[in-house]
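Engineer: Next up is a structure, given as structure tokens.
The values are calculated or read from the model by the stated rules, or taken from the named source; none is laboratory data. Predicted model, so just to flag it, every value in this text is computed and none were measured. Note that each Cβ is placed from the backbone with ideal geometry, even for glycine, and that neighbours are counted across all protein chains shown. Surface accessibility is based on the protein's heavy atoms, side chains included, excluding ligands, DNA and RNA. Shrake-Rupley method; radii C 1.70, N 1.55, O 1.52, S 1.80 Å.
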Amino acid sequence: KARSESAELVRHTGDVIGGIEGVFSSIKDMETGQRGFLLTGEERYLEPYLQGRGRFVNELESLSQLTADNTEQQRRLRLLQQLAGEKLVELEETIAQKRAGQGDVALAMMKTDRGRAAMQQIRRLVDEMRQAERDLLQERQAAWQAAAANSFLVQLLGAGTLLLLVVLGAVLASRDHHEREVQAWL
């Protein structure tokens, strides 16, 4: 049971790491789409932005559910949501300016480094979240290995005990059979 529970925790931590990567990937996709659109002015370059924005909310919700048992990760996730919201506002503003024919204004907004600063904070926070999960993963893998070793010992002791009981049963049966033969001869 301990081995199964430990294995489940290892799998869960892997899911959380995957969720963190999914949320971060969505943010990067949104930024990539925005940059492509600002450079070219072509709507087709907004495809990564639109896809990333569509995935972001679902991935954030999924990650929130996966980390519901971890108050520190929940705190980081709330901060990530706030920072991503700020980044999204910056992305939307620049896209709106470019669509309105004011590409110069959009580029000037980008040059303020507001979006860059938000993205740096997001990267640092995502790195913290990843590291926290990697640390958890190491702990959980160690617990799984200990549980697997204990399980092996229990199986080994069980098999040894069973073998001892079989041998003891054979010795007793042999004695009983020998006594019956002696009684029959007498």
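Engineer: Mean-square fluctuation check for the chain, GNM, Cα pairs under 10 Å: which of A149, A173, A68 is largest?
Structural biologist: A173
Engineer: Same structure, new question: Hey, how many Å between the Cα centroid of region 1-51 and the Cα centroid of region 125-167?
Structural biologist: Comparing the Cα centres of region 1-51 and region 125-167, I get a distance of 31 Å.
Engineer: Let me ask something else. Specify which residue in the list L88, L137, L165 is farthest towards the positive end of the charge dipole of the chain, using unit charges on the beta carbon of Lys, Arg (+1) and Asp, Glu (-1), about the Cα centre.
Structural biologist: L88
Engineer: For A2 and R123 in one chain, what is 0.36 nm times their gap in residues minus the Cα-Cα distance, to one decimal in nm?
Structural biologist: 40.0 nm
Engineer: Can you give me the solvent accessible area of E181 with a 1.4 Å probe, rounded to the nearest 10 Å²?
Structural biologist: Looks like 100 Å² after rounding.
Engineer: Related question: I need the phi-derived Karplus couplings for region 157-166: 6.51 cos²θ - 1.76 cosθ + 1.60, θ = phi - 60°, integer Hz, Gly and Pro marked x.
Structural biologist: 5, x, 5, x, 5, 4, 4, 4, 5, 5
Engineer: While we're on this one: Would you work out the charge dipole size for region 63-186 about its Cα centre, treating the Cβ of every Lys and Arg as +1 and the Cβ of every Asp and Glu as -1, and quote it to the nearest 20 debye?
Structural biologist: About 560 debye.
Engineer: If you don't mind, another one. Would you list, by chain and number, the lysines whose Cα falls below 24 Å from the Cα of K87, excluding same-chain residues fewer than 8 positions away?
Structural biologist: Of all the lysines, those that pass the test against K87 - Cα under 24 Å, at least 8 places apart if same chain - are K28, K98, K111.
Engineer: Summarise the accessible area of the chain (1.4 Å probe, protein heavy atoms) by the percent that is carbon and sulfur.
Structural biologist: Here it works out to 56 percent.
Engineer: Kindly provide the pair-distance distribution of the chain built from C-alpha pairs, with 5 Å bins from 0 and whole-percent values in order of increasing distance.
Structural biologist: For the chain, the binned pair fractions read 1, 7, 12, 13, 10, 8, 7, 6, 5, 4, 4, 3, 3, 3, 3, 2, 2, 2, 1, 1, 1, 1, 0, 0 percent.
Engineer: If I stretch the segment between T161 and R11 completely, what's the gain in nm (0.36 nm per residue apart, minus their alpha carbon distance), one decimal?
Structural biologist: Fully extending the segment from T161 to R11 adds 50.6 nm.
Engineer: In Å², and per residue, what accessible area does the chain have when probed at 1.4 Å with the other protein chains present?
Structural biologist: 64 Å²
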